[in-house]
Amino acid sequence: MHLPSLKERREDIPLLIDHFTKVLSKKFTKTIHKIDAGFVDQMMHQEFKGNVRELKNIIEREVILSEDGCLRWTSMQPAQAQSVGIGELPEAGLDLNDYLAGIEKTLLTKALQKAKGVKTKAAELLGISFREYRYRLSKYKGEEPQPAEQASDRT
């Protein structure tokens, strides 16, 4: 049985985005009221080497990180950075500052999630001071990651 790749059935991408957004919104108790057209457009142009699973992972990440209930491409920079391996340069090139910011934001977010919202613990996991962690996090004003459980800054 041949199942065509997502690259061969791009018309399914908007439907899959909608489906996964609904399912994952419920799973993470997040309200996603809008999917930005730019987000859908960028998803339509992705390679998706991991096929539908990769698309689902991108949407899952964006649902978790969405602060205002909207999925948009600008918040995709960390995922985009992860899709390009270290030392690889895409044919079209890349924006180095966005790439590095994406990596930084991803690590800050993962550390905070692993530390269950405790920023001092997140800083320790990254080998930086609490003050530096706060500074780096402040660069993403309005995009600050929220862990599943809230905790105080210094516990």
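The values are calculated or read from the model by the stated rules, or taken from the named source; none is laboratory data. Every value quoted in this text rests on a predicted model; they were computed, and no experiment measured them. A quick note on method: Cβ atoms are made from the backbone with ideal geometry, for glycine too, and the neighbour counts reach across all protein chains shown.
Details
- Of the criteria (1) of a type outside the set (A, V, I, L, M, F, W, C); (2) at pLDDT 85 or above; (3) assigned by TED's automatic domain parsing to the domain that holds Gly117, which one Tyr99 fails: (2)
The rows are residues; the columns are (1) part of a loop (DSSP other than H, G, I, E, B); (2) of a type in the set (Val, Ile, Thr); (3) surrounded by 15 or more Cβ atoms within 10 Å (Cβ to Cβ); (4) modelled with pLDDT under 80.
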{"residue": "Glu88", "(1), (2), (3), (4)": "yes, no, no, yes"}
{"residue": "Lys110", "(1), (2), (3), (4)": "no, no, yes, no"}
{"residue": "Lys116", "(1), (2), (3), (4)": "yes, no, no, no"}
{"residue": "Ala122", "(1), (2), (3), (4)": "no, no, yes, no"}
{"residue": "Ile128", "(1), (2), (3), (4)": "yes, yes, yes, no"}
{"residue": "Glu132", "(1), (2), (3), (4)": "no, no, no, no"}
{"residue": "Gly142", "(1), (2), (3), (4)": "yes, no, no, yes"}
{"residue": "Ala151", "(1), (2), (3), (4)": "yes, no, yes, yes"}
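- Glu54 being modelled with pLDDT of 75 or more and within 25 Å of Thr29 (Cα to Cα): yes
- Residue within the stretch 62-81 that is among the β-branched types (Val, Ile, Thr) and modelled with pLDDT of 75 or more present: yes
- Residues in the stretch 6-39 that are touching a Phe, Trp or Tyr at 6+ places or on another chain (Cβ under 9 Å) and surrounded by 13 or more Cβ atoms within 10 Å (Cβ to Cβ): Leu6, Ile13, Ile17, Asp36, Gly38, Phe39.
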